[in-house]
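Student: Dropping the structure in here first, questions after.
The values are calculated or read from the model by the stated rules, or taken from the named source; none is laboratory data. Quick caveat, the model's predicted, so the values are computed rather than measured. All Cβ positions, even for glycine, are placed from backbone atoms using ideal geometry, and neighbour counts span all protein chains on display. Just the protein is used for accessible areas: all its heavy atoms, side chains included, with ligands, DNA and RNA removed. Shrake-Rupley method; radii C 1.70, N 1.55, O 1.52, S 1.80 Å.
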Amino acid sequence: MSFKVVFIGAGSIGFTRGLLRDLLTVKEFQQIEVSFMDINSHNLEMVTELCQRDIQENGLNIKIQSTTNRREALKDAKYVFCTIRLGGLEAFATDVDIPLKYGVDQCVGDTLCAGGIMYGQRGIAEMLDICRDIREMASPDVLLLNYSNPMAMLTWACNKYGGVRTIGLCHGVQHGHQQIADVYGLNKAEVDIICAGINHQTWYISAKHQGKDLTAGLLEAFEKHPEFSRTEKVRIDMLRRFGYYSTESNGHLSEYLPWYRKRSAEIMDWIDLGSWINGETGGYLRVCTEGRNWFETDFPNWMQDPALEYTAENRGEEHGSYIIEGLETGRVYRGHFNVVNNGVIANLPNDAIIEAPGYVDHNGISMALVGELPLGLAAVCNVSISVQRLAVEAAVHGDDLLLRQAFMMDPLVGAVCNPKEIWQMVDEMLVAGEQWLPQYGKAIVAAKERLASGELVPTLANNEGAARLKVKTVDEMRQDRDAANKNAGESDKGKDREKVH
């Protein structure tokens, strides 16, 4: 088979190298055309060199097209992977640090809450530009596979305003699936699950082993588990009070809800510092920073390490390659995908991006009808969907009033801040992100004037949060090179969360 696959944001070593391995593991795909594109020429050069070495070591005759010209990369593309982080880690730092001044303590800050909303404002403007280039340059039947966060907001914007068929992909469902198997002492393959909800707030509404329901005993099983009872306190509490287990990690889930991070003194009651993903303040920013610093420093050694092996047993769990395999070969793949709802989940809005089970084969991507979520779960999701809708419309139209309303409606921001604090926080975040927010030109001018007026709400200027850890130096990371390599090289930086102490 011969078709073109493009990676936008290919300088993201964790996603690009693993997704390419997964694709080229498929025997029929070993003559496809591959194009890498990134605005960071240095990262692009390193990742291209490393992936080209992998290809050669696996005996394949594919030459990666590597370019900083997006339109050139997209010419005749049939599949486009998007893994961009607009503004990089510098912008990401403002998503974490500015809200801390107002008492909003985030673990990740890339999906919802103050950080996720602003991340969406930067990303949506860029995604619509990417969609324009895809429409004009790519194959008419192109499929955009979006791995960038905030997943729901970006996928929503691409489908509604971008004019490009877009599916959002995430690895969260696979983790909780493994945990449910673990608490029952079963192999993952023995447990059949159905997840439904919205990205990062998806719920295991069914879990069965040989036809027997496992959900009824799940709370007791998690409470008794020696590791998860300590590391997944928020998820267990939501299971206790809403009846179902969430896909998302303890730290991520805690920042989407109004109850667990609203009081600094109580945050440590709900988190664990054995792994960043269990709730560490700014944890994802820290590990991403460490990963970038390590890869840039240690890259020459990566070229000396063994190449990735393109074999079935080494293939990852990211959905992307399996979707393409299903569409191209007809082999059936079942996964959980982020798509426009259109009635898949009956008690969530039709225009929302939901995450639910789907099947892929020659006929396309077909979503199973879920029906209604349990009422409490639908209520939790609907709050977040309202925030997402406001944030998407704000980003598309450059409407800072809608943006401020999104902040006010956000569960954690609303639990911590009053309206005056929220207005000022938005002003600060708009000004900090000026170079990535072209749609907010007039709003940013007005925000600067207000911030210069001197009539400001007091803030916690030096607030480090309840559980912030120091970024490791390269010398410190050298003490455990395997761990540093794993952090830099994995798309999922919380993959081994249960094994970290």
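Student: Ignoring ligands, DNA and RNA, how do Met303, Met268 rank by accessible area with a 1.4 Å probe, largest first? Could you put the intermediate results ahead of the total?
Tutor: Details: Met303 45, Met268 85 Å².
The residues order as Met268, Met303, largest area first.
Student: Students often get this wrong, so try it: which of [x] 1.01; [y] 1.09; [z] 0.94 is Rg/Rh (Cα atoms, Kirkwood Rh) as calculated from the structure shown?
Tutor: The value matching this structure is [z].
Student: Taking a ≥ b ≥ c as the square roots of the Cα gyration tensor eigenvalues, with a/c under 1.5 meaning rounded and otherwise prolate when a/b beats b/c, else oblate, which class fits segment 197-325? Let's see the in-between values first.
Tutor: Working: a/c = 2.36, a/b = 1.31, b/c = 1.79.
Oblate, because a/c is 1.5 or more while a/b does not exceed b/c.
Student: Over segment 45-183, what number does the Rg to Rh ratio reach, with both radii from the alpha-carbon atoms and Rh per Kirkwood? Provide the component values of the computation, followed by the final result.
Tutor: Numbers: Rg = 17.8 Å, Rh = 17.2 Å.
Result for segment 45-183 is an Rg/Rh of 1.04.
Student: So, in nm, how far is label Arg53 from label Ser386 when the simple model puts each one 7 Å beyond its Cα toward the Cβ?
Tutor: It works out to 5.3 nm between the two label points.
Student: Still on this model: Given a cut-off of under 8 Å on Cα pairs at least six residues apart, what relative contact order in percent is computed for segment 382-501? Let's see the in-between values first.
Tutor: Working: 71 pairs, mean separation 19.2, N = 120.
Across segment 382-501, relative contact order equals 16 percent.
Student: Here's another thing I want to ask about it. Whole-Hz ³J(HN,Hα) for each residue in segment 358-369, computed from phi via Karplus 6.51 cos²θ - 1.76 cosθ + 1.60 with θ = phi - 60°, x for glycine and proline: what do you get?
Tutor: These are the phi-based 3J(HN,Hα) values: x, 10, 10, 7, 4, 7, x, 9, 10, 8, 6, 6 Hz.
Student: With a probe of 1.4 Å, find how much accessible area segment 396-491 has per residue, and write the answer as a whole number in Å².
Tutor: Numbers: 5320 Å² over 96 residues.
I get 55 Å² per residue for this part.
Student: Using the charge dipole of segment 265-334 (Lys, Arg: +1 at Cβ; Asp, Glu: -1 at Cβ; taken about the Cα centre), state which of Ile277, Asn301, His319 has its Cα farthest towards the positive end.
Tutor: Among Ile277, Asn301, His319, the one farthest towards the positive end of the dipole of segment 265-334 is His319.
Student: Now, a different point. Compute the distance from the alpha-carbon center of segment 467-485 to that of segment 138-178, in whole Å.
Tutor: A separation of 32 Å, based on Cα centres.
Student: If you don't mind, another one. Which Cα, out of Gln210, Asn199, Leu390, lies furthest along the positive dipole direction of the chain (beta carbon charges, K/R +1, D/E -1)?
Tutor: Of the options given, the answer is Leu390.
Student: If you count only protein heavy atoms and use a 1.4 Å probe, how large is the accessible surface of Met137, to the nearest 10 Å²?
Tutor: It works out to around 50 Å².
Student: Further question on the same structure: Taking a ≥ b ≥ c as the square roots of the Cα gyration tensor eigenvalues, with a/c under 1.5 meaning rounded and otherwise prolate when a/b beats b/c, else oblate, which class fits segment 49-116? Display every interim value, and only then the final one.
Tutor: Working: a/c = 3.55, a/b = 2.49, b/c = 1.42.
Cα axes put segment 49-116 in the prolate bin.
Student: Roughly how many nanometres apart are two label points built 7 Å out from the Cα toward the Cβ at Ser229 and Thr289?
Tutor: 3.6 nm
Student: If you take the square roots of the eigenvalues of the alpha-carbon gyration tensor of segment 378-421 and sort them as a ≥ b ≥ c, do you get rounded (a/c under 1.5), prolate (a/b over b/c) or oblate? List each step's numbers first, then the result.
Tutor: Numbers: a/c = 3.66, a/b = 1.10, b/c = 3.31.
Oblate, since a/c reaches 1.5 and b/c is not below a/b.
Student: If you don't mind, there's one more thing I want to ask. Whole-Hz Karplus ³J(HN,Hα) for segment 220-228, in order, using 6.51 cos²θ - 1.76 cosθ + 1.60 and θ = phi - 60°, x for Gly and Pro?
Tutor: For segment 220-228, the Karplus-derived couplings read 4, 5, 5, 5, 8, 5, x, 8, 5 Hz, x marking Gly and Pro.
Student: At a 1.4 Å probe radius, carbon and sulfur cover how many percent of the accessible area of segment 66-215? Working shown, then result.
Tutor: Details: 1990 of 4330 Å².
Looking at segment 66-215 in its full context, I get 46 percent from C and S.
Student: Sum -39500 (n - 2.57) across every DSSP H segment of at least 4 residues in the chain, then divide by the residue count to get the 222 nm mean residue ellipticity, nearest 500.
Tutor: On the way: 21 runs with 236 residues, N = 501.
Using -39500 (n - 2.57) per qualifying helix, the result is -14500 deg cm²/dmol.
Student: Leaving out ligands, DNA and RNA, what percent of the accessible area of segment 342-405 is carbon and sulfur, probe 1.4 Å? Write out the running numbers ahead of the final one.
Tutor: Numbers: 1340 of 2510 Å².
Solvent-exposed carbon and sulfur of segment 342-405 make up 53 percent of the total.
Student: Next question, about the same structure. Sort out for me the Cα centre separation of segment 254-305 from segment 366-421, rounded to whole Å.
Tutor: When both Cα centres are located, 24 Å separates them.
Student: For Leu456 and Ser41, what is the calculated FRET efficiency with R₀ set at 41 Å and r taken between the beta-carbons, to the nearest 0.05? Could you put the intermediate results ahead of the total?
Tutor: Values: r = 40 Å, r/R0 = 0.98.
Rounded to the nearest 0.05, the efficiency is 0.55.
Student: On to the next question. How much accessible area per residue does segment 146-243 have, counting only protein heavy atoms and a probe of 1.4 Å, in square angstrom? Numbers along the way, then the final one.
Tutor: Working: 3490 Å² over 98 residues.
Averaged over the residues of segment 146-243, the accessible area is 36 Å².
Student: For Glu266, what accessible surface area do you get with a 1.4 Å probe? Give it in Å², rounded to 10.
Tutor: 60 Å²
Student: Any chance you could look up the accessible area of His225 with a 1.4 Å probe, heavy atoms only, rounded to 10 Å²?
Tutor: 40 Å²
Student: Trypsin sites (Lys or Arg not before Pro) within segment 38-144: which are DSSP loop residues with at most 14 other Cβ atoms inside 10 Å? Don't skip to the end; give the middle numbers.
Tutor: Working: sites: Arg53, Lys63, Arg70, Arg71, Lys75, Lys78, Arg85, Lys101, Arg122, Arg132, Arg135; in loops: Lys63, Lys75, Lys78, Arg85.
For trypsin sites (Lys or Arg not before Pro) across segment 38-144 that sit outside H, G, I, E and B with at most 14 neighbouring Cβ atoms in 10 Å, the list reads Lys63.
Student: Continuing with this model, one more query. Could you give the dipole magnitude of segment 14-85 about its Cα centre, charging the beta-carbon of Lys and Arg +1 and that of Asp and Glu -1, in debye to the nearest 20? Before the final figure, lay out each step's value.
Tutor: Numbers: 10 positive and 10 negative charges, 36 e Å.
It comes to approximately 180 debye.
Student: Okay, next question. Could you report segment 1-66's accessible area per residue, 1.4 Å probe, as an integer in Å²? Could the numbers behind the result be given before it?
Tutor: Details: 2540 Å² over 66 residues.
About 39 Å² of surface per residue is accessible.
Student: In whole Å, how far is the Cα centre of segment 3-57 from that of segment 202-220?
Tutor: 38 Å
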